[in-house]
Every structure is written in C-alpha cells, then in structure tokens.
Amino acid sequence: MQSRSTESVHHLLEEDALAVSYSDDGEEIEVYQQQSFSTEDRDHQHSDAKKGKASHAKHARFADEVEVSVGDDDLVANGAFLPPYNLGDKPTPCCHPGWLQRHRDSLIVLSCVCAFIIVGAFLLLGIASLETSSVKLQDMVSAENIMVHLQKLQDIAMDSPNQSRSVLNGYNASAQYVIDQLTATHFYDVTQQYFQVPVYTELARPFLRKVSPDPIDFVLDVDYAGLRYGGNGVYDFTAPVTLADNEGCDMSDFSNATAGSIALVALATSGSKCELTDQALNAQKAGAKAVLVYSKVLTGRRARYYQWTPETLIQIPTLTVTSTVAQVLMDGVAPTATVQINTEILIVPTFNVIAKAKKGDPSSILMVGGHLDSVPAGPGLNDNGSGSQTVLELALRFAAQKRKYHSQLAFAFWGAEELGLLGSYAFVNDLKARNQLQTIKAYLNFDMAASPNYIVQVFDGASADNDLAVHGSTILQMQFQSVLNHSSIPYALKPMTGGSDYYPFSLNGVPSNGLAAGAGEVKTAEDRSLFGGLANAPLDPCYHQACDTIDNINQECLQYISQTAATVVEKLASTKNLTAFLS
C-alpha cells in the first residue's frame, strides 16, 4: 500500500468505473478494481455502504510535511469506491437518474470521507506550522550548522589561484553558494547589486635608500612600508628630498621645490583638518615624484578615500616611514634618496548579495549583514566567513519558520569590504540617491564571530559618528547586552570607529550595532581574568593571514555569538513598531 497526500487525491467518476487518481511527486497512478462483479456482488457492496462502513485513513503523520494514507483495499471493501461493472453488462451513464439513485448512499459516504480527509489534513498542516513557528530561532541556530557552510568556503578558497576569497579570487564562487542556499528556500527575493572597485596589488616589495649625504639602506617593515593604494605602476628613481610645511593639508604647504622631489609629510592626526589621502594628493598635484608620510610608528592606513573616484586614486609612490627615518633623510645638505615600487590598481566589477523576505512591511526593514570577501592573503574563514555564514544560517532558519514578521527581513552579504567597506557604501549611497534609506530602520553587523582567543564584543552605540544614530544604536546595544547577561557570557564594548560595514549606515543616521570577537588586538592580563584565553596574544593570531582557515574557528565563540544574534534579530523582527522602539 502506498501513502498519498490528501491534496493529491482526486476522485474520478467515469462511465464504466469509479477510479481514484493519486499524484506523488508529480506521478499519476490510476487505481481500478480489475475483477468483474455480478449484480449480486454489487448489491452486497451497496448494502455494506448503507450500513455505514465508511472508509478510513489507516495512518497519518506529520513532520516537515503531512501525509494522509488511505488503504486501497479498505476503501473498496467499505464501499467508498465501487467496483466497475462487469464488462459484459450494458453500460449505464453515470449521470443517468437510475445510476445516481442506485449509488446515492455510496456517493454520500465518498463525499464524507473526502471532506474528513481534507479537513484533517489542513488541521495537521496548521498544527505543524504552528509548532515550527513556535520554536525559538535561537534553538534552530547552531555552530554545527554554520561549520557546514564554512567548510564550503574553505573548499572554494583552496580551489582559488591564491587560496583566498578576495574580489579577484574566490569571492564570486562564495557568493554563488550563498545565492543558491537562499534561493532554494523560496522565502526571499535574492538580488545582486553590482558596482566598480579599485583593486590594489603590490607586485614587488618597495625599496627605500638614502643616497646622499651618508648613504643608508632602510629596513622594510621596520623603517618603512608600502601603503595600500600608494601608487600605480613601476617606479625606480633618485630625487631630492623636501619637507612640506605643516601637514600638507593645503596646497600652500608645498613650496616650489616640491616639484620633482620626494616630499616628506607628517601624518595627519585625528584632530587634523585632512586625512592621509588629502596629503598625498596635494603632494601629487604639487609635482612631487613620491610621498613619504612619517609618524612615530608605521601607519597601516589606506591611501584612498572610502568614497573614491578614479581621479582621487594616487598614482605616485606613497610610503609610510618612521619619524626617525624622516630625521635621517633630512640630515645634511641637499639630501637625496632612491625609491622603488611596483604596484597595480585595477578597476573591476563586483557585487553585493541582498536577500529580502517576500513578507513583512517594506517600509520598515530590519537588515542583518556581514562581508563575504576575504583579503588576498588568505581564505578568511574567521574574517569574515564566520560572520557572513552566521548571517546565512540566520536567514535559512527564518525561512524554515515560514512566519511573517512585522518588519521586512533583509540579509546582506557585502562585497569588497576588505577594500574599504565599498560594498556597504555602494548600497547605502544607492538608497540615498533613491530617497529610500529611511526604510532601513536598523542594521546589525557580524564581522569575525569565531576568533580563537576571543572576547565577545558589542558595539558602543554612544560612539556612533552621527548623532541621529546614537540613541537607536544604544538601544540595539542594550538588546545584545541583555541576552549576553542572561546567558552569563562576558563581553566588552567596542567603539564604532569605522572598521566594518555598520559604518556607512551609522554615519548616515541609521541605528546600527552588532557583534564581533576581535581581530589583531592583543589580549591583556586583565582581559584574561575577565574573558579567559591567553594573555599577551592576539585575539586572532591568523588575522589577514594564510592560516585563517577552518582550523582557526573557535566553535564555542561561534555558538555564543550566533545564538545571541538569533535572539536579538528575532525580537526586533517581531516588534510591531521598530521605529518607535528605537526612538
């Protein structure tokens, strides 16, 4: 006996027989009673039907879907489906009054059975749906599930030319995996937002040497280093060294002697009226052949605007040097130096992946995101496979609930974050241009959710750069704190200083927050007493390195962060008026 879904049971009355047609996964099966019956047999079956022997479902069950099974023999034996006439009998049309009169009772029984089965199935489906939707999202999300996604990203990275998931390597394949997972739920409208990005590559290590007076070769990564986006092309020259007045924030800070020289500029501080990129561009406009930006220690800043244009990309060599090197270079009369670099800047297309739930209020969007790309130096399983795949798992579990929340859920997988938050900036700028940014009521970001020597970090809403975002960001902060406190998970507050994709949102007044587990910062002895782990060691010793593989994932931390995220996201999505809640 085969079980069939009640929705696929169709009763066919034909001229010569009553038949039942089943559809199981698209397959049609017609069941007929093949033996012949005499008139006496038919009368006997007709009599049984009058006695009220209705057919019944032999069993029913539900899990992911409901099945109601009906035994063929039971249905026929109890008169629900009458056998065909003997082939030798003269056919009687089913619409003939006599035929309907003879089989009236059986048809009544048949109708009652069908109604009972259909109503029962809908009740069971409703119960199943209620049970699924009543399960807390926190109980559906697990580090074990996320590890399955991370293994896929690991495989993608290992198959890429330089074993990374950067824009030019494994990013597209990573994005396709996410797209396939989301599309299969049929719960989201999944789109790709394309934009252009500049990709900087250092093709050879830079070289810096003082030629005269008193020649000296400086040590790479100790005395000097290349700056990301600090030049485009192959350069090898010797030129005079000049010192800019002030910080080089104005063109007047560069004298006529700057043209054709290597310009020394003091690094703009946080209180300066310009930034490093302004300094380098001003020196380039003044005719400098190279720029050496000096500070007490080497800076790791990027020599490019977040809001870049092709015209603002620096073409001349731009290096970071220590203050000591600057003093040595300027020592003596008419100092000269040699600079060598080999770099490349390519402008290429990439994209974000955005999944919006088909249900919910589109004027009140709760957005959850994390960047999907890695640096070219490694596969980026913690940074940020852990955060992006936590976002994916949240999206999949929400889809499994099949609930309609008050706010529309949107999940974002950002491209080119490692190039300077370019994906999230492209998204926010597009919404601003279409006057739709106000539809995003809150943004939650997850970046590095499984650092080996972790500290669970909640963003400090009071440090948001836009006053319009401070209050709402602080309320979001309190939601995370409440869950972590309830679970007795220690945490630290982290300033919202622009290091991840929450920044374009908070900068434009959208309440933002999220969770992280730490990057290259060192855990102190005091931190260890509060959070455990190893003191005097980085929170992620493989940050932006080739060793950031799946072996770099701390599953305990991943469990804490993913379940905390699930609880907060579900609460916010269920809030009737998210705007009022965050006000």
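Among the residues of region 264-286, just one is surrounded by fewer than 22 Cβ atoms within 10 Å (Cβ to Cβ), outside any loop (DSSP other than H, G, I, E, B) and under 38 Å from the mean Cα position of the chain (by Cα), namely Asp278.
Yes/no per residue for (1) at pLDDT below 95; (2) over 15 Å from Gly226 (Cα atoms); (3) among the aromatic types (Phe, Trp, Tyr):
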residue: Tyr306; (1), (2), (3): yes, yes, yes
residue: Pro317; (1), (2), (3): no, no, no
residue: Ala337; (1), (2), (3): no, yes, no
residue: Lys356; (1), (2), (3): no, yes, no
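Can you tell me how many residues within region 161-171 are more than 20 Å from Asn352 (Cβ to Cβ) and surrounded by 18 or more Cβ atoms within 10 Å (Cβ to Cβ)?
Within region 161-171, the subset more than 20 Å from Asn352 (Cβ to Cβ) is 161-163.
Then drop every residue that is not surrounded by 18 or more Cβ atoms within 10 Å (Cβ to Cβ), which leaves 163.
Going through region 161-171 one residue at a time, the tally reaches 1.
When restricted to residues that are touching a residue at least 24 places away in the same chain (Cβ under 8 Å) and either part of a strand (DSSP E or B) or of a type in the set (Gly, Ala, Ser) (or both), region 164-208 contains 25.
Is there a residue in region 481-488 that is surrounded by 24 or more Cβ atoms within 10 Å (Cβ to Cβ) and among the hydrophobic types (A, V, I, L, M, F, W, C)?
Step one: of region 481-488, the residues surrounded by 24 or more Cβ atoms within 10 Å (Cβ to Cβ) are none.
Within region 481-488, none of the residues are surrounded by 24 or more Cβ atoms within 10 Å (Cβ to Cβ) and among the hydrophobic types (A, V, I, L, M, F, W, C).
Looking at Asp540, Asp548, Asp501, Asp527, just one residue is open to solvent by 10 Å² or more (accessible area, probe 1.4 Å) and not hydroxyl-bearing (Ser, Thr, Tyr), and that residue is Asp527. Apart from one condition, Leu534 fits all of (1) without any contact (Cβ under 8 Å) to a residue 60 or more places away in the chain; (2) among the hydrophobic types (A, V, I, L, M, F, W, C); (3) within 20 Å of Asn382 (Cβ to Cβ); the exception is (1). Every listed requirement among (1) surrounded by 15 or more Cβ atoms within 10 Å (Cβ to Cβ); (2) over 36 Å from the mean Cα position of the chain (by Cα) is met by Gly260 save one, (1). Do we find that Gly360 is touching a helix residue (DSSP H, G or I) at 6+ places or on another chain (Cβ under 9 Å), modelled with pLDDT under 95 and surrounded by fewer than 23 Cβ atoms within 10 Å (Cβ to Cβ) in this structure? When the stated conditions are applied, Gly360 passes them.
Against the numbered list (1) open to solvent by less than 20 Å² (accessible area, probe 1.4 Å); (2) assigned to a loop (DSSP other than H, G, I, E, B), Phe413 comes up short only at (2).
Please work out if Glu393 is of a type in the set (D, E, K, R), assigned to a helix (DSSP H, G or I), open to solvent by 10 Å² or more (accessible area, probe 1.4 Å) and within 21 Å of His149 (Cβ to Cβ).
Numbers: of a type in the set (D, E, K, R): yes; assigned to a helix (DSSP H, G or I): yes; open to solvent by 10 Å² or more (accessible area, probe 1.4 Å): no; within 21 Å of His149 (Cβ to Cβ): yes.
No.
Note on region 287-332: residues that are open to solvent by less than 30 Å² (accessible area, probe 1.4 Å) and farther than 24 Å from Ala426 by Cα total 17.
Would you confirm whether or not region 224-241 contains a residue that is open to solvent by less than 50 Å² (accessible area, probe 1.4 Å), more than 47 Å from the chain's Cα centre (by Cα) and within 18 Å of Met330 (Cα to Cα)? Checked region 224-241: at least one residue is open to solvent by less than 50 Å² (accessible area, probe 1.4 Å), more than 47 Å from the chain's Cα centre (by Cα) and within 18 Å of Met330 (Cα to Cα).
The values are calculated or read from the model by the stated rules, or taken from the named source; none is laboratory data. Note that the structure is a prediction, hence the values are computed from the model and not measured. All Cβ positions, glycine included, derive from the backbone under ideal geometry; neighbour counts span all protein chains shown. To get the accessible areas, we keep the full protein, side chains included, count just its heavy atoms, and leave off ligands, DNA and RNA. Shrake-Rupley method; radii C 1.70, N 1.55, O 1.52, S 1.80 Å.
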